[in-house]
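Working notes, beginning with the structure itself.
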Amino acid sequence: IGKPSKNINNTIYIDNDNITAGKDATDYLIKLGHKKIGFLYNQGNRIFVQDRKAGYISSLLENNIEIKQEYCLEKNLALEKDTLELQELFLSEHSPTAIIALDDIIALLLEKILLNINKHVPKDLSIITFNKLLTTLTNPQLTCIDINNYQLGLESALQIIRHIKDPNLLPTKIIVPHNIIERNSCKKIENN
């Protein structure tokens, strides 16, 4: 599962269109009036992270919104230094009004950081994330890009079986669609 970094034409893989997913998440926030949008991620060297970030940047460019490096947040939320840097950002007058979190675990950790500085979702910060596994465990529940984990797994198993039965098949590439599940973690804003 996931696009390979090399030998792409010789590898069987199942994935999402992560560039479009990143763009869709950003477009969603822009339609709500946000212009100060951050992208919070870890391990930026992974292909799906780069692709989601590319979609985020693409959406900002298409909507004539300045790309601010201080809003591209590669952080390890297990490190106190990174947590303190985020707290500083969210307490500053230059704080983003919305964040795209790489996944639901990062979004949950971000909510904890915000609570520690008395900031609330979506009143002080709108959050959209990827994956839906943990998004209903928060209050408010998180708006998310559902990458259809079940379908990714099912397609992977089916392709493995097909290629075991017939090793001469050409390598298969399947893109599983994503969709936005709207919940209560994003709010419409008038000015920012």
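Within region 151-186, take every residue that is of a type in the set (S, T, N, Q) and over 29 Å from Leu125 (Cβ atoms) and give me the one that is nearest to the chain's Cα centre (by Cα). I'd like the intermediate steps shown before the answer.
Taking region 151-186 first, the residues of a type in the set (S, T, N, Q) are 151, 156, 159, 168, 172, 179, 184-185.
Imposing the further condition that a residue be over 29 Å from Leu125 (Cβ atoms) reduces the set to 151, 156, 159, 168, 172.
Details: Gln151: 18, Ser156: 22, Gln159: 26, Asn168: 36, Thr172: 25 Å.
Within region 151-186, the match that is nearest to the chain's Cα centre (by Cα) is Gln151.
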Inside region 9-113, counting only helices (runs of 4 or more DSSP H) that do not spill past its ends, which hold 2 or more residues that are crowded, with 16+ Cβ neighbours inside 10 Å and in contact with an Asp or Glu (Cβ under 7 Å, 6 or more places away or on another chain)? 18-31
Just one of Lys119, Lys132, Lys123 is more than 21 Å from Leu86 (Cα to Cα), among the charged types (D, E, K, R), assigned to a loop (DSSP other than H, G, I, E, B) and in contact (Cβ under 8 Å) with a residue 24 or more places away in the chain; which is it? Lys132
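Restricting to region 136-147, count the residues that are out of contact with any strand residue (DSSP E or B) (no Cβ under 8 Å at 6 or more places or on another chain), polar (S, T, N, Q) and open to solvent by less than 70 Å² (accessible area, probe 1.4 Å). So that I can check it myself, show each step before the final result.
Step one: list which residues in region 136-147 are out of contact with any strand residue (DSSP E or B) (no Cβ under 8 Å at 6 or more places or on another chain), which gives 136-141.
Now drop any that are not polar (S, T, N, Q), which leaves 136, 138-139, 141.
Checking which are open to solvent by less than 70 Å² (accessible area, probe 1.4 Å) leaves us with 136, 138.
Of the residues in region 136-147, 2 are out of contact with any strand residue (DSSP E or B) (no Cβ under 8 Å at 6 or more places or on another chain), polar (S, T, N, Q) and open to solvent by less than 70 Å² (accessible area, probe 1.4 Å).
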Can you tell me which of (1) over 27 Å from Leu154 (Cα atoms); (2) in contact (Cβ under 8 Å) with a residue 60 or more places away in the chain; (3) out of contact with any Pro (no Cβ under 6 Å at 6 or more places or on another chain); (4) of a type outside the set (Phe, Trp, Tyr) is the one Leu73 doesn't meet? (2)
Residues located in region 114-135, provided they are buried (at least 18 other Cβ atoms within 10 Å of the Cβ), at pLDDT 95 or above and not hydroxyl-bearing (Ser, Thr, Tyr): Leu114, Val121, Pro122, Leu125, Ile127, Ile128, Phe130
Scan region 12-51 residue by residue and report those that are touching a strand residue (DSSP E or B) at 6+ places or on another chain (Cβ under 8 Å) and within 21 Å of Gly153 (Cβ to Cβ). Ile12, Tyr13, Ile14, Asp15, Asn16, Asp17, Ala21, Phe48, Val49
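The values are calculated or read from the model by the stated rules, or taken from the named source; none is laboratory data. These numbers were taken from a predicted model, which means no experiment stands behind them. Positions of Cβ are backbone-derived with ideal geometry, glycine not excepted, and every protein chain shown enters the neighbour counts. These accessible areas exclude ligands, DNA and RNA; they are computed on the full protein's heavy atoms, side chains included. Shrake-Rupley method; radii C 1.70, N 1.55, O 1.52, S 1.80 Å.
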